[in-house]
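The values are calculated or read from the model by the stated rules, or taken from the named source; none is laboratory data. Because the structure is a prediction, the values reported are computed rather than measured. Here the Cβ is made from the backbone with ideal geometry for all residues, glycine too, and neighbour counts use every protein chain on show. The protein model used for the area step is the full one, side chains on, heavy atoms only, and it has no ligands, DNA or RNA in it. Shrake-Rupley method; radii C 1.70, N 1.55, O 1.52, S 1.80 Å.
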Number of protein chains: 6
Amino acid sequence: MPIVELTKRFRFEASHVLRNPDWDDEKNYEVFGKCARPNGHGHNYELFVTIRGEVNPDDGMLYELKQLKDLVNTHLIDKVDHFHLNHDVEFLDGIIPTAENLAIAFYEQLEHVLPDVLHEVRLLETENNWAAYRGEE
Amino acid sequence: MPIVELTKRFRFEASHVLRNPDWDDEKNYEVFGKCARPNGHGHNYELFVTIRGEVNPDDGMLYELKQLKDLVNTHLIDKVDHFHLNHDVEFLDGIIPTAENLAIAFYEQLEHVLPDVLHEVRLLETENNWAAYRGEE
Amino acid sequence: MPIVELTKRFRFEASHVLRNPDWDDEKNYEVFGKCARPNGHGHNYELFVTIRGEVNPDDGMLYELKQLKDLVNTHLIDKVDHFHLNHDVEFLDGIIPTAENLAIAFYEQLEHVLPDVLHEVRLLETENNWAAYRGEE
Amino acid sequence: MPIVELTKRFRFEASHVLRNPDWDDEKNYEVFGKCARPNGHGHNYELFVTIRGEVNPDDGMLYELKQLKDLVNTHLIDKVDHFHLNHDVEFLDGIIPTAENLAIAFYEQLEHVLPDVLHEVRLLETENNWAAYRGEE
Amino acid sequence: MPIVELTKRFRFEASHVLRNPDWDDEKNYEVFGKCARPNGHGHNYELFVTIRGEVNPDDGMLYELKQLKDLVNTHLIDKVDHFHLNHDVEFLDGIIPTAENLAIAFYEQLEHVLPDVLHEVRLLETENNWAAYRGEE
Amino acid sequence: MPIVELTKRFRFEASHVLRNPDWDDEKNYEVFGKCARPNGHGHNYELFVTIRGEVNPDDGMLYELKQLKDLVNTHLIDKVDHFHLNHDVEFLDGIIPTAENLAIAFYEQLEHVLPDVLHEVRLLETENNWAAYRGEE
């Protein structure tokens, strides 16, 4: 059976701040620049979830699209959309919410609900920066 | 002399929260939905500044592009980029930072530094929502 | 009170065919080219609805965004999304569904539910073609 | 010799309907939702064809771009553009035209005319959904 | 009869250099910055041609789309695409090819072939800069 | 430690011409079409630099973003932006500046300043054509 990849885009709007609590202000500004400003800033994040596997000959789909959408919304998007990623999201506790760390954390959230098929999580912070994670290789 | 319009795109990333301080939580959530969550969320804002006027025959420009860029950055973008629009921006004090109100406030910031030529400020909050203001008509 | 414009993007996917039933095949292909093929083709339409008016000082909004979204979805998008514009849409009966005609028909659908504030309907058929209508001037 | 990848975007507009003819209406709507509506809907499809191989030192190209464009247009785009994918396309006979199935079928169409170099076919149905196929692995 | 606007996007790739031949190098670099470098640079220009008028009830179109495309290609795009705007284009002789001046010159090229209906020419130099011209007002 | 990929977009505007100096005009036009016109044309190039490696637990980053930006600007973008790729760029001497050749040459420029982490260079010439190179495999 042919192996295909299917990617679905999701969007959410959130705020965050980049700071290492073990560092003083000077060090935080040196490393994170204006991303360290204490009241935070935000992004229109775009999340691309790619699954990979065989196509079901009955419906021509790798995964029922509506079910995929509901799973990702319930287990991920609803927990981060219109929230502050440093303060409001339990599974991000203690994590500096860079694009890299968010991609890893989101992958880990999804791999339990999309076992076998989850292939990649790609997170765009802006049109100029994004991170991708494909699990432990 | 022919009258042309010139538009320049600017980008900034900021956080905000939509709340009327005179209302209780219930009323705020009813009107603003998840935009009222107290820790705020954020956007990759896109700002389109349009100026309008005659072309200078010496340089073929309506306005020296570098000067336009510097003016808008100094008088507007540097004051909002990577800040919290409710807490960090003096000229937005007491304003509910909806796209509509931001477009008006940004226009008013710029009309003093771009007199005669400022034509329109257009602010995109997301790919699905934007507001435009062209001054008092 | 300042007058602002607010634009909201909507999307729908539909099929259509361009044919004048009073013409024979040859004439239809001459005028409409491959758009006249009888089994039809389709588009990812993008619809930009612009409203215009004063901002409400209580909530900083020209129109409650959720209400605007629900109105346009109920009175327009739900009637055309995933339908065949020539066969399935009552209010398009007898209309050749070009971008121009659709923009006019959509404006007329919306002006009854968005009286006073509806300013423009802009319909993108592809990234290369769109039509705009602002009512009778 | 260095191995590079070259991707070319193609566009076509087509209509389709998602239905398994062995299922009754109820089952079809349950699985495919509004995509099962019998008169069909359509998309502005974007197709990204990626080829992979060595660069020819004489012209600095992996493949003569004009020849690549003509081959893909003749053997693929001209057969699907402004057609109904369920009714008008011989090589799609009996295939439910999901993004996954189309990516596979398009790859198979192209691998005979682009032997050795064809690497991937990526098909965007909307800005939110796409499928990719790289042949049997 | 309702008045609609129809916009068609065109693309062309060209090179140019911004210099006033009456100025010395120092003055040219002061005004035009790196755009004054003598060997030139280039852009993927996007041109949006907007026409405005009544819809023809026979075909539902403001203008036959194929005819519009052919006219603009013949009278404008074919003269600038893959050319150097300072050296290769007769109708741009003696004009500093800024976005503003190009928008005006392109409008003047098109107003003779699209009399009565031509409404606006909008020229994007990059995703961050564009100029629009609507004729003498 | 998890391995992630981080991609940063850069932009530059340049002109080029595609010609093999060992061929006569006729052969050059046959192979390169209008890209062989002697005065050249240009593009808004987009460059996507992807690095790959472990996340630093102290700052949650694969690479300090500001440092990455400065390195790529200094060692690559500043050398090509607003220049003529055939005449003004030392490291492109003798290279026909196709997208394929540029991707390889840019990768080679960057692998010395981003050792161990550089993963891919992707160069978009237009929205319809791009080349990617990941080093010798």
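From the list F:9, F:52, the one residue that fits, being in contact with a His (Cβ under 6 Å, 6 or more places away or on another chain) and either within 26 Å of residue D:5 (Cβ to Cβ) or not in a helix (DSSP H, G or I) (or both), is F:52. Inside the stretch A:30-65, residues that are open to solvent by less than 30 Å² (accessible area, probe 1.4 Å) and of a type in the set (Asp, Glu) make up a count of 1. Taken residue by residue, the stretch F:18-29 has no member that is within 9 Å of chain E (Cβ to nearest Cβ), of a type outside the set (A, V, I, L, M, F, W, C) and surrounded by 20 or more Cβ atoms within 10 Å (Cβ to Cβ). Residue pairs whose Cβ atoms lie under 7 Å apart, sitting 6 or more positions apart in sequence or on different chains, and linking a residue in the stretch B:15-44 that is of a type in the set (Gly, Ala, Ser) to a partner that is assigned to a helix (DSSP H, G or I), are B:33/C:66; B:36/B:28; B:36/B:29. When D:44, D:28, D:20 are checked against the criterion of being part of a loop (DSSP other than H, G, I, E, B) and not aliphatic (A, V, I, L, M), a single residue qualifies: D:20. Just one of the numbered conditions (1) open to solvent by less than 30 Å² (accessible area, probe 1.4 Å); (2) under 23 Å from residue C:117 (Cβ atoms); (3) free of Cβ contacts under 8 Å to residues at least 60 places away in the same chain is not true of residue C:5: (3). If only residues of the stretch C:119-137 that are among the charged types (D, E, K, R) and modelled with pLDDT of 95 or more are counted, the one that is nearest to residue C:41 (Cα to Cα) is C:125. Selection of the stretch C:72-85 for residues being closer than 27 Å to residue B:133 by Cα and either open to solvent by 40 Å² or more (accessible area, probe 1.4 Å) or not hydrophobic (A, V, I, L, M, F, W, C) (or both) yields only C:73. Taken residue by residue, the stretch E:86-105 has at least one member that is open to solvent by less than 10 Å² (accessible area, probe 1.4 Å), part of a loop (DSSP other than H, G, I, E, B), hydrophobic (A, V, I, L, M, F, W, C) and over 24 Å from residue B:50 (Cβ atoms). Taking the criterion of being open to solvent by less than 10 Å² (accessible area, probe 1.4 Å) and either of a type in the set (A, V, I, L, M, F, W, C) or touching a Phe, Trp or Tyr at 6+ places or on another chain (Cβ under 7 Å) (or both), the residues of the stretch C:8-17 that qualify are C:12, C:14. Within the stretch D:33-64, the residues that satisfy the criterion of being more than 7 Å from every other protein chain (Cβ to nearest Cβ), among the hydrophobic types (A, V, I, L, M, F, W, C) and touching a strand residue (DSSP E or B) at 6+ places or on another chain (Cβ under 9 Å) are D:47, D:48, D:49, D:51.
Condition check ((1) in contact (Cβ under 8 Å) with a residue 12 or more places away in the chain; (2) at the interface with another protein chain (Cβ under 9 Å from one of its Cβ atoms); (3) among the aliphatic types (A, V, I, L, M)) across all residues:
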| position | (1), (2), (3) |
| --- | --- |
| A:89 | no, no, yes |
| A:97 | yes, yes, no |
| A:100 | yes, yes, no |
| A:106 | yes, no, no |
| A:110 | yes, no, yes |
| A:114 | yes, no, yes |
| A:122 | yes, yes, no |
| A:128 | no, yes, no |
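With respect to (1) within 24 Å of residue C:21 (Cα to Cα); (2) among the hydrophobic types (A, V, I, L, M, F, W, C); (3) in contact with an Asp or Glu (Cβ under 7 Å, 6 or more places away or on another chain), the lone exception for residue C:106 is condition (3).
Evaluate the stretch F:65-84: report whether one residue or more is more than 27 Å from residue E:127 (Cβ to Cβ), in contact (Cβ under 8 Å) with a residue 40 or more places away in the chain and within 20 Å of the chain's Cα centre (by Cα). No, because not a single residue in the stretch F:65-84 is more than 27 Å from residue E:127 (Cβ to Cβ), in contact (Cβ under 8 Å) with a residue 40 or more places away in the chain and within 20 Å of the chain's Cα centre (by Cα). Across the stretch D:4-17, the qualifying residues are those that are more than 7 Å from every other protein chain (Cβ to nearest Cβ) and under 14 Å from the mean Cα position of the chain (by Cα), and the one among them that is farthest from residue D:88 (Cα to Cα) is D:10. The number of residues in the stretch A:106-118 being over 30 Å from residue A:36 (Cβ atoms) and open to solvent by less than 50 Å² (accessible area, probe 1.4 Å) comes to 4.
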